[in-house]
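Just so you know, all these numbers are worked out from the coordinates, no wet-lab data involved. In this text, all values refer to a predicted model and were calculated from it rather than measured experimentally. Every residue, glycine among them, receives a Cβ derived from its backbone with ideal geometry; neighbour counts consider all protein chains shown.
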Amino acid sequence: MNSSLIALYESRPYSAATLSGLVKLIREIFGQITVVDGTFPRNFLSRFDPTATVFARREFFGRSTAELSFYRRFRQLGGHKSVIAANVSRWEHQVFSDTESKSADSALVYLDQMIERDVVHLASRFSPILLTPIENHRRLQELCHTERLVPVYISDETLTPTYVLLLADPAWRRYSERIQNSAYCVDTRQPTLAIPSEVVSNFVLPSLAFVHDGPRLSEGDKTYSWLWTGATECFRLCIGFLPAAATVKLTIANMESPEVSKRIRTFLNGRLVEHTFTAWSDTTGMLELAVADISIPEAVVSIALPDLGQNGLGVCIDKLVVSL
């Protein structure tokens, strides 16, 4: 990924404070609406909303065969749901099948860039609520007019519009009163919401929110969950965008034997990296990876356990903590 795009992803619309504030705003206004993060494998919004599903937008399928083959091995929501289907149409149907029996405005899709063809396609075929950064105000107005979408602007702490919600008419009728009466609403004439101020030092993903390629599924419930890496020599966890100087920690809740901690090797995007293991007991502790001082747009952390055996359990992870 080129340096200009990395610089874009380090800008205010994609900062941890902004994205965390966006999630808080979405949940308080739209409640338990299905949130779909259309930025896989960068996973911008889902890092701050463990209940969100991830979605590969149409342009993703233009990647090389090797890349698509690599990412198709991953499953999301702790391994309970696939990430990439055989083709884009089948994948879109799979993503939105959860909301087909509900009203058309029962999903909110986050897009990291307002690519017009994607917005038009999603709006016309599935009619979700769309959330995207503001890039071209004039073109946005034209798009809203032709596609009959109602824009709701979202501003930062300086009241500068940063994002926009695009609602089809049924969604606007359903949520307009809630939007205009929200404590975050700063303008009702041209509906504008202000992102709540957030101080964010980390994000925490429970195992039920992991996007991984391991053979096992997460266990537990929304209160507490865990995931065994299982009988695989290499367990991969897709983190998404990793800011410069971030610290990656995995809480190990159990392991099949105390000797396992001595055999662990860790990788970041295929490169062997050093780690420290702070033991809390013979079979629990904190695994911390050494991360370079550069941003990684599509970070994948791998845990290799050589000679584990076909029936090995590996290590049991209950959460990922990324300190920013």
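Sorted from longest to shortest, the spans of the Cα atoms of region 145-199 along the three principal axes equal 35, 22, 20 Å.
Within a straight-line Cα-Cα reach of under 29 Å, residue 249 can be paired with the following lysines, leaving aside sequence neighbours fewer than 8 residues apart in one chain: 24, 81, 222, 262, 319. Simple spin-label estimate for residue 204 and residue 59 gives 3.5 nm between the two label positions (7 Å along the Cα-to-Cβ direction from each Cα). Of all DSSP bridge pairs formed entirely within the chain, close to 85 percent run antiparallel. The shape of the chain can be summarised by an equivalent ellipsoid whose semi-axes, obtained from the alpha carbon gyration tensor, come to 36, 20, 18 Å from longest to shortest.
Counting beta carbons within 10 Å around each of 14, 175, 224, 110 and listing the fewest first gives the order 224, 14, 175, 110. Angle of helix 16-30 to the longest C-alpha principal axis of the chain, folded into 0 to 90 degrees and rounded to 10: 60°. Residue ranges 69-75, 185-191 sort as 69-75, 185-191 when ordered by packing (mean number of other C-beta atoms within 10 Å per residue, highest first). Using Cβ point charges alone (K and R +1, D and E -1), the dipole size of the chain about the Cα centre works out to roughly 500 debye. Extending 7 Å from the Cα toward the beta-carbon at both residue 117 and residue 223 defines two label points whose distance is 4.9 nm. Helix 169-180 and the long axis of the chain differ in direction by around 80°, with both axes built from C-alpha atoms.
Each Lys and Arg Cβ is given +1 and each Asp and Glu Cβ -1; about its Cα centre, region 20-83 then shows a dipole of about 200 debye. If you plug the beta carbon distance of residue 254 and residue 324 into 1/(1 + (r/R0)^6) with R0 = 22 Å, you get a FRET efficiency near 0.20.
Taken about its Cα centre, region 169-324 carries a charge dipole of roughly 340 debye when the Cβ of each Lys and Arg holds +1 and the Cβ of each Asp and Glu holds -1.
How would region 126-177 be classified by its alpha-carbon gyration tensor: rounded, prolate or oblate, with rounded meaning a/c under 1.5 and the a/b versus b/c comparison settling the rest? Note, shape of region 126-177 comes out oblate. Each peptide in 141-147, 50-56, 26-32 was scored by the mean count of other Cβ atoms within 10 Å over its residues; highest first, the order is 50-56, 26-32, 141-147.
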